[in-house]
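The structure under discussion appears below in the form of structure tokens.
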Amino acid sequence: MNDHLFGLRLFLRVARKGSFSAAGREMNIPQPTVSRIISQLERKVGATLLIRTTRAVGLTEAGSDFIARLEPILTALDEAEQAARGSDELRGVLRVGLSSTFAIRALVPRLPVFLERHPELRVELLMDDLRQDLVSEGVDVALRFGALQDSSAMAKRIGSTPRIIAASPAYLERAGMPQVPADLANHSVIAGPSIAGHVWSFRQEGTAFSVRVGGRLSVSVNEVSTVAAVAGLGIISMSLAGCAKEIEDGALVRLLPEWDMGTLEVNAVFAAGRAAKPSARAFADFLIAELDGPVLNTADR
């Protein structure tokens, strides 16, 4: 491989890993060699691309701009080489942004099948319940619940899942079973990152109703919301996909099932301004085939 091209690929791995040593282990290069190659690249480019500290490696402003322009070029080069070989085998790295709940409950148990089909592909899961910036974080495909905020981004609909409310039997024994949405004003709710504001909206036979709710606990990770609800700390509102197992096991009870809280669309979102990687498109198609069921309906996409 051309030395300069290798240096560019190595820089990309260092930036994404945030570590010279981690990138070196991935590419079977000793850390001092990684450092030397990156320094040579910076001299050739004429700018400092990385900030080195004793704890981590980060991008400078010039480095961020450089990588935003570089990554699509390397992706296009990989695809050109793949096409020239006449092979549809997926290679390289696929960076997937998603919530921890979706990763734990839906993706990771199915990931061995995807990786077995594509033995030359590496997958990096970037888990965050807040939405990642696809371009600055180098995300190839992000799995997002709810309405899409960026109209310029390319997206493929995976399916939809109902939003529900639930609580543990212990909490309901202590606080009582709500009979109508208005009763929730007298209950303690657990506020998670997927809840916007403190008003929950319901609909039944064309009638809409909203109730202001409150509680003593808020969390920044949806998976913790479910655990907190099982522990009896209050009522949660989230996607059925986020607590289906607990409801099936009886650890949580679905409340007010006759009232509709709407559904959450699930989309595979690709970064705007560049073509989606073949591996990202294949990953989205894999999810559509694997996830169809009562919890996540992919048939209506």
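Laid out as a table, the results:
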| read-out | value |
| --- | --- |
| Verdict on V189 being of a type in the set (A, V, I, L, M), buried (at least 18 other Cβ atoms within 10 Å of the Cβ) and closer than 22 Å to A142 by Cβ | no |
| Matching option when the condition is surrounded by 19 or more Cβ atoms within 10 Å (Cβ to Cβ) and not polar (S, T, N, Q), among L115, L74, L98, L111 | L98 |
| Scope the range 168-221; condition in a strand (DSSP E or B), out of contact with any helix residue (DSSP H, G or I) (no Cβ under 9 Å at 6 or more places or on another chain) and among the basic types (K, R); matching residues | R203, R216 |
| Residue match in the range 44-51 (condition: among the hydroxyl-bearing types (S, T, Y), out of contact with any helix residue (DSSP H, G or I) (no Cβ under 7 Å at 6 or more places or on another chain) and assigned by TED's automatic domain parsing to the domain that holds R9) | no |
| Candidates E173, E205, filtered to the one that is without any contact (Cβ under 8 Å) to a residue 12 or more places away in the chain and at negative phi | E173 |
| Segments classed as strands (runs of 3 or more DSSP E), wholly inside the range 16-131, with at least 2 members that are under 30 Å from S160 (Cα atoms) and under 24 Å from the mean Cα position of the chain (by Cα) | 92-98, 121-127 |
| Test: residue in the range 265-274 that is crowded, with 20+ Cβ neighbours inside 10 Å, outside any strand (DSSP E or B) and either modelled with pLDDT of 90 or more or touching a Ser or Thr at 6+ places or on another chain (Cβ under 8 Å) (or both) | no |
| Test: residue in the range 224-237 that is of a type in the set (S, T, Y) and either in a helix (DSSP H, G or I) or surrounded by fewer than 16 Cβ atoms within 10 Å (Cβ to Cβ) (or both) | yes |
| Filter pass, Q149 being surrounded by 18 or more Cβ atoms within 10 Å (Cβ to Cβ), modelled with pLDDT under 85, assigned by TED's automatic domain parsing to the domain that holds A271 and in a loop (DSSP other than H, G, I, E, B) | no |
| Unique match (being closer than 26 Å to F102 by Cα and at pLDDT 95 or above) among A196, A251, A244 | A251 |
| Matching option when the condition is in contact with a strand residue (DSSP E or B) (Cβ under 9 Å, 6 or more places away or on another chain), more than 25 Å from G146 (Cβ to Cβ) and among the β-branched types (V, I, T), among V180, V213, V219 | V180 |
| Some residue of the range 96-116 being in contact (Cβ under 8 Å) with a residue 40 or more places away in the chain, in the same structural domain as N222 (by TED's automatic domain parsing) and charged (D, E, K, R) | yes |
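The values are calculated or read from the model by the stated rules, or taken from the named source; none is laboratory data. Being a predicted model, the structure only gives us computed values, none of them experimental. Don't worry about glycine lacking a Cβ; one is built from the backbone with ideal geometry, like all the others, and counts go over all protein chains shown.
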